[in-house]
Amino acid sequence: MNRFKADLLVLAAALIWGVAFYFQKVAMDHVGPFLFTGSRAVIAALVLAPFALRERRNGPAEPLSLFPIAIFGGLAFTAAGVLQQAGITTATVTNTSFLTALYVVLTPFLLWLIRSERPGLRVWIAAIVAFFGIWALGGGTLDGFSRGDWLVAACAIFWALYMVATSASSKAARPLQYTCYSFATVALICLPVSLLTEQPSFQSLADAAVPMLYVGILSSALTFALLSVSVQHIPAARASILLSTETLFAAAAGFLLLGERLSLIGWMGAALVFAAILLIQTEPKPQKTE
């Protein structure tokens, strides 16, 4: 595979993720956040299970460290997914995509706290740019954010924790198993909670079936496969920059499918957040602090 085809695969993953925000919002008309998050996790785990088993059979002995990392990743994913779904009920798809993407800015600071990997100058600049982007995205005042916007902003912290766990899992060289175990953890947490707190019905599941299948199969399982293939042919930094277009695809989906409109200052804020993401993606590898 040449670099151009690999780039197209990454852009396809970004497109799928961007459009997924539309389906995530539509699903909230029928089911609660725990049921949706748990259902997408079940679907993704089942789709990935055969490939994870193959990876286990063909690879070296499975490291014991993989399980606790996958469980931690599943816990972080659960918190992030539920907060995101609860927030997208009132937040727009456009705001949800850009506020969620703040995990890119937060991740280097979490790595600094956890692994002593000191962030460089671009990360600090990106953090400042992202702050002003959030301010503008809210219409020039933080009071302009709805409760849903704040929940989505909070979910970015847990997405950043999930990325830290995913990064730690790379040493095990079992990406499919890690992802499958993480989704299984999410399902084991969310589905029982949904039965106790959301009182789901077969009708609600049927009404939300298409969004669940899209997010579970395409946005969760297929995109991971696309990325696994593409990063073998292009640098990870290049792939990360291409994936950043997810926010642009999400904004386009909100504009075309839901008629969402941002004010001029809101678009300026979105542009600042996107610029902050690109700054992070082009940051050299952090150094360990003494």
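The values are calculated or read from the model by the stated rules, or taken from the named source; none is laboratory data. This one's a predicted model, so the numbers in the text were calculated from it and none came from an experiment. When we count neighbours, we look across all protein chains shown, and the Cβ atoms used for this are built from the backbone with ideal geometry, even at glycine.
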Q: Could you check how many residues of the range 201-219 are farther than 26 Å from F4 by Cβ and crowded, with 19+ Cβ neighbours inside 10 Å?
A: 6
Q | Pairs where the first residue, in the range 164-181, is modelled with pLDDT of 80 or more and the second is not in a helix (DSSP H, G or I), C-beta under 6 Å, 6+ apart | A | none
Q. Which residues, counting only those in the range 88-130, are modelled with pLDDT of 90 or more and under 14 Å from the mean Cα position of the chain (by Cα)?
A. I88
Q | Checklist (1) of a type in the set (S, T, Y); (2) within 25 Å of L278 (Cα to Cα); (3) surrounded by fewer than 22 Cβ atoms within 10 Å (Cβ to Cβ) applied to S230, failing item | A | (3)
Q) Only one of these conditions is not met by A206: (1) closer than 30 Å to S65 by Cβ; (2) modelled with pLDDT of 90 or more. Which number is it? A) (1)
Q. Does I241 count as hydrophobic (A, V, I, L, M, F, W, C), at pLDDT below 80 and assigned to a loop (DSSP other than H, G, I, E, B)?
A. no
